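K.L.:
Handing you this structure, nothing more for now.
What follows is calculated from the coordinates using simple rules that are stated; it is not laboratory data. All values reported here derive from a predicted model rather than from experimental measurement. All Cβ positions, glycine included, derive from the backbone under ideal geometry; neighbour counts span all protein chains shown.
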Amino acid sequence: MIVRDAEGTLGESLASLRKVADEIVVVDTGSADGTLEIARQYRCRIFPFAWVDDFSQARNFSLEQARFRWVLCVDSDEVLESPDDAGAILRATMAEEAAPAYLVLQENHYDDGSVKPNPVLRFFRNDPRIRFTNPVHECVSGTIFTHWPHLRLQTLDVRLRHTGYLGDTLEGKAERNLALLERWVAAEPGHLFANFKLGGQLLDLGRSEAALHHLERVYRLFCDPRYRRAYPFWPTFVVLYHRALRAAGREAQAQAFERIATAWLEERRENPR
């Protein structure tokens with residue numbers, strides 16, 4: 001994991017992880033609180049990293065420190081649920097060596113008490129071909145599908161309780177992510193995932209028209225079925241785009257998109273990847 005000023009959540013996270021991990025690599029990007037002392041208490045291998053406004057660079061530095069055959073990437077505000085059961089599943093999966101990577105379930109908790117599961121690509125072989133991309137909302141999917149283009153991802157019953165969306169933990173994150181996303185889109189204006197995430201961030205901030213500027217770029221690309229096959233998060237985009245259209249008062253356009261999205265979903269049922 002990479003950390004910074006995480007003393008409020010890190011202890012519980014590490015307590016759950018030490019039950020399954022042969023080692024815990026902690027890369028610190030400049031903590032000024034008790035984060036490092038907590039990491040030392042759990043005998044983590046700690047490495048400093050100078051923050052360069054790029055989460056992928058920090059993540060990839062952490063991967064370079066890993067000494068074992070498989071990696072589970074976890075955030076400091078995530079707790080591994082049922083570690084004994086999760087450990088048995090992870091050990092069995094490693095023994096099979098059936099695939100290079102697997103999804104686990106991130107269970108996002110919100111202030112209204114709701115919990116929304118989100119499959120995330122966090123468990124994978126310690127392979128130099130697998131690396132994170134994107135300066136924010138970093139992921140390894142791009143490098144995985146480059147080297148294993150026909151991989152069908154499986155989801156393990158391994159759950160990470162994520163509290164990063166609770167109100168008292170969000171302070172500063174939205175502004176930080178917005179700045180990184182705007183810089184990313186300015187550098188790569190046609191990047192599908194960058195526009196998707198920037199649109200979502202703007203919508204969460206109540207800026208629906210600005211969000212649609214970026215989400216419509218994504219929509220035009222997803223009209224090509226090749227993009228829907230290449231980017232498995234497109235059903236999430238469908239929900240987000242529909243919400244943005246309605247928030248902007250574009251009801252007729254939202255209804256038209258519902259029909260298009262229904263056709264896309266029917267196509268996926270008939271031709272699963």
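K.L.:
Anything in the stretch 136-148 that is touching a residue at least 60 places away in the same chain (Cβ under 8 Å) and aromatic (F, W, Y)? List them, or say none.
P.N.:
F145 - this is the single residue of the stretch 136-148 that is touching a residue at least 60 places away in the same chain (Cβ under 8 Å) and aromatic (F, W, Y).
K.L.:
To continue, here is another question. Filter the stretch 224-241 for residues that are free of Cβ contacts under 8 Å to residues at least 24 places away in the same chain and in a helix (DSSP H, G or I); which is farthest from L151 (Cα to Cα)?
P.N.:
We begin by selecting, within the stretch 224-241, every residue free of Cβ contacts under 8 Å to residues at least 24 places away in the same chain; these are 224, 226, 236, 239.
Checking which are in a helix (DSSP H, G or I) leaves us with 226, 236, 239.
Numbers: R226: 16, T236: 20, V239: 25 Å.
For the stretch 224-241, the residue satisfying everything is V239.
K.L.:
Right, next: Give L151, L121, L215, L160 a once-over and let me know the one that is assigned to a helix (DSSP H, G or I) and either in contact with a Leu (Cβ under 8 Å, 6 or more places away or on another chain) or touching a residue at least 24 places away in the same chain (Cβ under 8 Å) (or both). Show your work before the answer.
P.N.:
Details: L151 fails: assigned to a helix (DSSP H, G or I); L121 fails: assigned to a helix (DSSP H, G or I); L160 fails: assigned to a helix (DSSP H, G or I).
Result of the check over L151, L121, L215, L160: L215.
K.L.:
In addition: Does the stretch 242-260 contain any residue that is of a type in the set (V, I, T), buried (at least 16 other Cβ atoms within 10 Å of the Cβ) and in a helix (DSSP H, G or I)? Before you say what the answer is, go through the steps one by one.
P.N.:
Filtering the stretch 242-260 down to residues of a type in the set (V, I, T) leaves 260.
Adding the requirement that they be buried (at least 16 other Cβ atoms within 10 Å of the Cβ) leaves none.
No, the stretch 242-260 has no match at all.
K.L.:
Can you find a residue that is surrounded by fewer than 18 Cβ atoms within 10 Å (Cβ to Cβ) and either outside any helix (DSSP H, G or I) or of a type in the set (S, T, Y) (or both) anywhere in the stretch 136-144?
P.N.:
no
K.L.:
Here's a follow-up. How many residues does the stretch 124-135 contain that are touching a residue at least 24 places away in the same chain (Cβ under 8 Å) and part of a loop (DSSP other than H, G, I, E, B)?
P.N.:
First pass over the stretch 124-135, keeping only residues touching a residue at least 24 places away in the same chain (Cβ under 8 Å): 124-127, 130-135.
Filter once more, so that each one left must be part of a loop (DSSP other than H, G, I, E, B): 126-127, 130-132, 134-135.
Total meeting the criteria: 7.
K.L.:
From G206, G200, which residue is surrounded by fewer than 17 Cβ atoms within 10 Å (Cβ to Cβ), out of contact with any Gly (no Cβ under 6 Å at 6 or more places or on another chain), of a type in the set (G, A, S) and closer than 24 Å to N118 by Cα? I'd like the intermediate steps shown before the answer.
P.N.:
On the way: G200 fails: surrounded by fewer than 17 Cβ atoms within 10 Å (Cβ to Cβ).
Sole residue among the options that is surrounded by fewer than 17 Cβ atoms within 10 Å (Cβ to Cβ), out of contact with any Gly (no Cβ under 6 Å at 6 or more places or on another chain), of a type in the set (G, A, S) and closer than 24 Å to N118 by Cα: G206.
K.L.:
Still on this structure, I have one more. Of everything in the stretch 57-84 that's acidic (D, E) and touching a residue at least 60 places away in the same chain (Cβ under 8 Å), which residue is surrounded by the fewest Cβ atoms within 10 Å (Cβ to Cβ)? Working first, answer last.
P.N.:
Step one: list which residues in the stretch 57-84 are acidic (D, E), which gives 64, 75, 77-78, 81, 84.
Within this subset, residues satisfying the condition of being touching a residue at least 60 places away in the same chain (Cβ under 8 Å) are 75, 77-78, 81, 84.
Values: D75: 20, D77: 22, E78: 25, E81: 15, D84: 8.
The extreme case among them is D84.
Residues are listed down the side, and each one gets a yes or a no for (1) of a type in the set (A, V, I, L, M); (2) surrounded by 17 or more Cβ atoms within 10 Å (Cβ to Cβ):
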| position | (1), (2) |
| --- | --- |
| L10 | yes, yes |
| S16 | no, yes |
| K19 | no, no |
| I24 | yes, yes |
| V27 | yes, yes |
| L36 | yes, yes |
